[in-house]
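Notes to accompany the following structure.
The values are calculated or read from the model by the stated rules, or taken from the named source; none is laboratory data. Bear in mind the structure is a predicted one, so any value in this text is a computation, not a measurement. No Cβ is skipped: glycine too gets one built from the backbone with ideal geometry, and neighbour counts run over all protein chains shown. For the accessible areas, the whole protein counts, side chains as well, though only heavy atoms, and no ligand, DNA or RNA atoms are used. Shrake-Rupley method; radii C 1.70, N 1.55, O 1.52, S 1.80 Å.
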Amino acid sequence: MFEGVRRSYALLILLLMEIIEELGTDRGLEMLQTSVEKQAAIIARELRRKIPENSDLLDTSNLVYRAFMEEAGAELAVHEKTEDSITYRVKRCPFYEAFLDVGIDCGYFLGGLCTHLTLPAIQAALNHFRGGLKLEPLLVRESAEEFCLERISLEDT
């Protein structure tokens, strides 16, 4: 599964690069954001049956995050859990490896992938269930030997 996801993301990244070259960065990212929103609705529809109605926000976020990342083949573990947040340690990641496949300097550009593709897709899916959750990168790997830290927290209301 991991290899198939990695190849699919490599194709997506190459297509996005072509779109940006042809239409410009702003238009390419705008089109990507529209696609992210549509994908989030599909993911939410799939997951709605799995999430109990009475689950709290962090339980919901855990199920959504894990479904997105683990089903894509990412290797992750809970790094830290508090009363109002969950931080995940992401080691093996098909999104990261897809960037390596297309020859993009991940240490420099991976934050762009997370900022414009992966994290917005997960955040958009989270928003379909309940508001009040914020997903953010805490540490972005700079090499294949390292890992990322991503935190989902309850927003201050």
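Confirm whether residue 34 is among the β-branched types (Val, Ile, Thr) and modelled with pLDDT of 90 or more.
It is true that residue 34 is among the β-branched types (Val, Ile, Thr) and modelled with pLDDT of 90 or more.
Does residue 27 meet the test of being at pLDDT below 90 and open to solvent by 30 Å² or more (accessible area, probe 1.4 Å)? Here the answer is no, as residue 27 does not meet what is asked. Taking each residue of the range 56-67 that is over 11 Å from residue 154 (Cα atoms) and looking for partners that are among the β-branched types (Val, Ile, Thr) and surrounded by fewer than 16 Cβ atoms within 10 Å (Cβ to Cβ) with beta-carbon atoms closer than 9 Å, six or more apart or interchain, yields 62/78.
From the list 135, 113, exactly one residue is at pLDDT 85 or above and either outside any loop (DSSP other than H, G, I, E, B) or touching a Pro at 6+ places or on another chain (Cβ under 6 Å) (or both). Which is it?
Details: 113 fails: at pLDDT 85 or above.
Unique residue meeting the criteria: 135.
Looking across 13, 51, 19, one residue alone is outside any helix (DSSP H, G or I) and among the hydrophobic types (A, V, I, L, M, F, W, C). It is 51.
Using the structure shown, decide if residue 40 is closer than 20 Å to residue 97 by Cβ and out of contact with any strand residue (DSSP E or B) (no Cβ under 8 Å at 6 or more places or on another chain). No. Please tell me if residue 86 is open to solvent by 70 Å² or more (accessible area, probe 1.4 Å) and within 17 Å of the chain's Cα centre (by Cα). Criteria not met by residue 86.
Checking the conditions here, which among 80, 21, 70 is at pLDDT 90 or above, among the charged types (D, E, K, R) and in contact with a Ser or Thr (Cβ under 6 Å, 6 or more places away or on another chain)? Don't jump to the end; show me each part of the working.
Numbers: 21 fails: in contact with a Ser or Thr (Cβ under 6 Å, 6 or more places away or on another chain); 70 fails: in contact with a Ser or Thr (Cβ under 6 Å, 6 or more places away or on another chain).
Of the residues listed, the single one that is at pLDDT 90 or above, among the charged types (D, E, K, R) and in contact with a Ser or Thr (Cβ under 6 Å, 6 or more places away or on another chain) is 80.
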